[in-house]
Amino acid sequence: MGIITFPRGFLWGASTSAYQTEGHNAGSAFWDWERRKGWEPSGAAAGSWERFEEDLECVKALHLNAYRFSMEWSRVQPGPDRFDEGVLARYAFWARRLKEEGVRPFVCLHHFSEPAWLLERHPEGWLDEGVAPRYLRFAERAAGALREHVRDWVTFNEPVVFIVGAYGMGQFPPGRRLLLRPKLLERAVRIMARTHNEAYRLLRRLQPEGRVGYAHHVSALDPARPGDEDAVMAWDSFMHRGFIEATKAHMDFLGVNYYTRIFVHRSFLSPLPGRAVPGYAEFERGVGGPLFKLLGGRRGDGEPTDMGWEVHPEGLGRVVGALWRDFGLPILVLENGIADAAGSRREGFIRDHLGSLGGVMAQGAEVQGYFHWSLVDNYEWGSYRPRFGLYSMARRPAPGSAFYAEVARTGEMNVDG
Ligand code: BGC
């Protein structure tokens, strides 16, 4: 295929999240959760709260012109009626520094972590409509403090993954296990979608020239066997399209987080939407290998990453192409990356995924940027073992980062390596 040239003004970025990088977010519901679950403690994480200037040096060394970070709700609002102006000023300073260096900040307001007090006040979490005005109040203060330097807002990171994790599988606080009661999960999805829409209106009122979207986790889906097509459609609608349908009038861009491909099987034994048996590594681990097999589950056979996820670059172009065709919203890839402790696969991963993305852009899909997950190694919700960083925690470049830096610098890439 030769050389791909990305459009002028294309955004080359990296993404991080507050809880995973800043360290010592003791006001988050995750802090105690880690202990209760017996997870490896997040502790100092990548130390980014203190080491922002070093992170910025990494961003610059990579020639990035965009950087996505999140604001930790529990730091900004340590109690239901208390906002910390010093914290808001610090985040505003980060945004200003990025802008000064020619790097466009993308600010996410909810990346899984929520204040412990929120769940004390609202033990039902997002099943309770009362959470929405709390989130909106936080969003208003956050945007008020940063709007001078920030135009691009991400209301939620992976809303449906968050709901399945927190309310379906009991992995995240508040740890509900309602997977067998999809109606309740759909209620949480509905409340969150409505909250996004309200946040959109609020943020655009505060900042008419601002842009608002969210980062949606989208996997490529394939039928596990002939006859499984309906289950694929039902799962696609539950995990991906339902939320987009409910929010599409309130988005300036659609953020896509893409990591892998999932096979979906239909089994009358499954209580999930569409009687689906989705072949996520986490689902297989959750129900146990033998039951997964019995249900007819299937995993991809591409070489797995350190997370056990199949590498499937072609899927990125496929999902972006389909979303562009069906919704016509500008697309930003806000996460894509590989857990690769050995460091031998990141370059090929980036090349193949950008090749796939370039292909669909050549066919007309409007893609405005690509953000790699992640800038630095960080806390992968329970463990430090997975290494997603372009930099190590010591801020040393990981293999593959020089390649990415060169693509970001030139806006060109040789697909053949
Ligand atoms: C999440 C990140 C996570 C990454 C790798 C995404 O689903 O937004 O928080 O670290 O995947 O698992």
Can you name the helices (runs of 4 or more DSSP H) wholly within segment 41-128 that have at least 3 residues being surrounded by fewer than 24 Cβ atoms within 10 Å (Cβ to Cβ)?
-> 52-61, 85-100, 116-121
Residue that is farther than 26 Å from PHE93 by Cβ and of a type in the set (Lys, Arg), where the choices are ARG225, ARG147 = ARG225
Name every residue in segment 331-344 that is crowded, with 18+ Cβ neighbours inside 10 Å and part of a loop (DSSP other than H, G, I, E, B), in order of residue number.
-> ASN336, GLY337, ILE338, ALA339, ASP340
Across segment 388-405, which residue is surrounded by the most Cβ atoms within 10 Å (Cβ to Cβ) among those that are more than 11 Å from the ligand (Cβ to nearest atom) and closer than 30 Å to ALA29 by Cβ?
-> LEU390
For HIS353, all conditions in the list (1) within 15 Å of the ligand (Cβ to nearest atom); (2) under 30 Å from ALA44 (Cα atoms); (3) in contact with a helix residue (DSSP H, G or I) (Cβ under 8 Å, 6 or more places away or on another chain) hold save one; what is the number of the exception?
-> (2)
Only one of these is part of a helix (DSSP H, G or I), over 19 Å from the mean Cα position of the chain (by Cα), free of Cβ contacts under 8 Å to residues at least 40 places away in the same chain and more than 16 Å from the ligand (Cβ to nearest atom): ARG187, ARG204. Name it.
-> ARG204
The condition from (1) away from the ligand (no atom under 16 Å from the Cβ); (2) within 21 Å of PHE253 (Cα to Cα) that GLY337 misses is numbered (1)
If you go through segment 76-99 one residue at a time, do you hit one that is touching a helix residue (DSSP H, G or I) at 6+ places or on another chain (Cβ under 7 Å), among the basic types (Lys, Arg) and within 24 Å of ALA394 (Cα to Cα)?
-> yes
Could you please tell me which pairs satisfy a Cβ distance under 6 Å, a separation of 6+ or placement on different chains, a first residue in segment 157-170 that is assigned to a helix (DSSP H, G or I), and a second residue that is near the ligand (Cβ under 9 Å from one of its atoms)?
-> VAL161/HIS217; PHE162/PHE112
Check off (1) in a helix (DSSP H, G or I); (2) touching a residue at least 24 places away in the same chain (Cβ under 8 Å) for PHE292 and give me the number that stays unchecked.
-> (2)
Residue that is away from the ligand (no atom under 16 Å from the Cβ), surrounded by fewer than 18 Cβ atoms within 10 Å (Cβ to Cβ) and within 23 Å of ALA14 (Cβ to Cβ), where the choices are ASP301, ASP326, ASP252 | ASP252
Output the residues belonging to segment 1-40 that are within 21 Å of ASN257 (Cα to Cα) and in a helix (DSSP H, G or I).
-> ALA18, TYR19, GLN20, THR21
Does VAL360 count as within 14 Å of the ligand (Cβ to nearest atom) and at negative phi?
-> no
Matching option when the condition is crowded, with 24+ Cβ neighbours inside 10 Å, within 16 Å of the ligand (Cβ to nearest atom) and within 23 Å of VAL367 (Cβ to Cβ), among VAL160, VAL218 | VAL218
Count of residues meeting criterion [away from the ligand (no atom under 12 Å from the Cβ) and outside any loop (DSSP other than H, G, I, E, B)] in segment 363-375 = 4
Failed item, numbered, when PRO226 is tested on (1) farther than 22 Å from PHE263 by Cα; (2) surrounded by fewer than 19 Cβ atoms within 10 Å (Cβ to Cβ) = (1)
Are there any pairs with C-beta distances below 7 angstrom linking a residue in segment 66-95 that is free of Cβ contacts under 8 Å to residues at least 60 places away in the same chain to a residue that is of a type in the set (Lys, Arg), with the two at least 6 apart or on different chains, and if so which?
-> PRO80/ARG121; PHE83/ARG141; ASP84/ARG75; VAL87/ARG75; LEU88/ARG141
Would you be able to tell me the number of residues in segment 129-155 that are more than 16 Å from ARG75 (Cβ to Cβ), surrounded by fewer than 19 Cβ atoms within 10 Å (Cβ to Cβ) and among the charged types (D, E, K, R)?
-> 5
Scanning segment 1-30 residue by residue, the ones that are within 16 Å of the ligand (Cβ to nearest atom) and surrounded by 21 or more Cβ atoms within 10 Å (Cβ to Cβ) total 14
Yes/no for GLU282 being within 14 Å of the ligand (Cβ to nearest atom) and touching a residue at least 24 places away in the same chain (Cβ under 8 Å) = yes
Within segment 229-249, residues being buried (at least 17 other Cβ atoms within 10 Å of the Cβ) and of a type outside the set (A, V, I, L, M, F, W, C) number 5
Looking at segment 255-269, which of its residues are over 17 Å from PHE327 (Cα atoms) and either touching a Gly at 6+ places or on another chain (Cβ under 9 Å) or within 13 Å of the ligand (Cβ to nearest atom) (or both)?
-> TYR258, TYR259, THR260, ARG261, ILE262, PHE263, VAL264, HIS265, ARG266, SER267, LEU269
Provide a single number: the residues in segment 275-305 that are over 17 Å from GLY168 (Cα atoms), of a type outside the set (S, T, N, Q) and within 18 Å of the chain's Cα centre (by Cα).
-> 0
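We did not get these values from a lab; they are worked out from the coordinates using the rules stated. What you are looking at is a predicted structure, and each value in this text was computed from that prediction instead of being measured. As a convention, Cβ positions derive from the backbone with ideal geometry for all residues, glycine included, and neighbour counts pool all protein chains shown.
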